[in-house]
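J.: I have a structure here, written as structure tokens, and I will follow up with some questions on it.
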Amino acid sequence: MTTFVDRVELHVAAGSGGHGCASVHREKFKPLGGPDGGNGGHGGDVILVVDQDVTTLLDYHHTPHRKATNGQPGAGANRSGKDGQDLVLPVPDGTVVLDKAGNVLADLVGQGTTYVAAEGGRGGLGNASLASARRKAPGFALLGVPGGGGDIVLELKTVADVALVGYPSAGKSSLISVLSAAKPKIADYPFTTLIPNLGVVTAGSVVYTIADVPGLIPGASQGRGLGLEFLRHVERCSVLLHVLDTATLESDRDPVTDLDVIEAELALYGGLEDRPRMVVLNKVDIPDGKDLADMIRPELEKRGYHVFEASAVDRTGLKELSFGLAEAVAKARADKPQEEATRIVIRPKAVDDAGFTVALEEDGIYRVRGEKPERWVRQTDFSNDEAVGYLADRLSRLGVEDKLMKAGARSGDGVAIGAEDNAVVFDWEPTMMAGAEMLGRRGEDHRLEAPRPASQRRRDRDAERDDVQKEYDEFDPF
């Protein structure tokens, strides 16, 4: 049964925003109370967060579909809907987030690092929030925006200071078991190690992590023997330790050839040229292994490698090896560029940036693309004429009408707002920008402007008194 998964395809969906409410306040002896529809709640986000206690992507392998909760719709009496709850997905340290095309979206390293994989939809405004001096009683509300989502790929790249690389059965698992407290599966057949094993080593004042990467074979850089999955875990390691088997029973192999083959695969994989290399000649407890180690050690040192001899059985040379690795790790940490504090870069929009574009497509349709127009279309209830008129006013104020005219659009031309798979298409009429005048003063209740009886009587009396006073002034001969 699979217990370690380092690559999964995840289907995430954020919560949709709740719809706004169109409501009018009603109370006994208080007619015409005005709009009191509440706003819809925002949808929940899908957030990836690094958790040190998580070491595998196994949970997402079994349940790849994840969705945050939706926002609740608004209600009357100015009651806003409840926001949807964010869905927090813990991932291992060293997880890379990619899209389906293989583009890197985020590189999650370090406890608590977060990435919003899908953003929740905005809640729609209720008619109480849409009321204004011109639109005193809107008879409509805005719809909630659907939540974002899509397919993403999670890849785990092991984060360790030292990576043990070599052929299968070279003794990497045995070394990590005696250098640290790790307990990997050990046996005398190839490909015993199928997953990376991590261990912590303490050498003096230096504490570092060491990874036992599954064995590599010729063609690993092209994916042979799951080589790409194994090589992925070498990328983040600071030091590479070649484990060479000096007691191999295969007649067509020798430690130097094994080293050359592994180096060739690392070079083909790419990106590892700057990593310091060290070599450990393993299994020197066997007489033939010790003799072979003495023979090839000068050749390896001539190539510039720092060479160690070790045995996991009788623990020969383990102290020298652990302190040698500690020295290399300390140097790599010292040479690492110091991380700068995160800088906030402000990029103001250009003066002539309207926030949307208008383009004439091959089929003769003018397509409008932009964050605001597309969101406004999704928030519009097209079964409500007043809501459609409100959308027309918003588009006109944004300048969509002017750009359509400049682009050559004429009455009756097709206009699409949004992406091809989710667009609103209509026949454009230039008079649309006068929609407010055509429909009258939308959202106004003329009863709200009708004078109250008592106030009217008082004004009538004042007007009658003014007329009498005016006649008296004209009659007065003095």
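J.: Enter the mean projected area of the convex hull around the alpha-carbon atoms of the range 1-126, in nm², rounded to one decimal.
T.: Working: hull surface 39.7 nm².
Here the figure is 9.9 nm², rounded to one decimal.
J.: Among HIS42, HIS62, what's the order by accessible area (1.4 angstrom probe), most exposed first? Numbers along the way, then the final one.
T.: Details: HIS42 90, HIS62 110 Å².
So the residues, ranked largest to smallest area, are HIS62, HIS42.
J.: Working with all protein chains in place, sort VAL104, VAL159, VAL213 by solvent-accessible area computed with a 1.4 Å probe, largest first.
T.: VAL104, VAL159, VAL213
J.: Calculate the radius of gyration of the Cα atoms of the range 57-151 to one decimal place, then report Dmax, the largest Cα-Cα distance, as a whole number, both in Å.
T.: Computed over the Cα atoms of the range 57-151, radius of gyration and Dmax are 18.9, 57 Å.
J.: Which entries in the list LYS302/LYS336; LYS82/LYS372; LYS172/LYS290 go over 21 Å, if you measure between the two C-alpha atoms of each? Don't jump to the answer; show the numbers that get you there.
T.: Working: LYS302/LYS336 27 Å; LYS82/LYS372 24 Å; LYS172/LYS290 18 Å.
Among LYS302/LYS336; LYS82/LYS372; LYS172/LYS290, the Cα-Cα distance tops 21 Å for LYS302/LYS336; LYS82/LYS372.
J.: Okay, next question. Write down the percent of antiparallel bridges among all DSSP beta bridges whose residues are both part of the range 24-111, to the nearest 5.
T.: Details: 7 of 12 bridges.
About 60 percent, rounded to the nearest 5.
J.: Using a 1.4 Å probe and ignoring any ligands, DNA or RNA, find the accessible area of LYS331 and quote it in Å² to the nearest 10.
T.: Its accessible surface works out to 130 Å², give or take rounding.
The values are calculated or read from the model by the stated rules, or taken from the named source; none is laboratory data. Bear in mind the structure is a predicted one, so any value in this text is a computation, not a measurement. Surface accessibility is based on the protein's heavy atoms, side chains included, excluding ligands, DNA and RNA. Shrake-Rupley method; radii C 1.70, N 1.55, O 1.52, S 1.80 Å.
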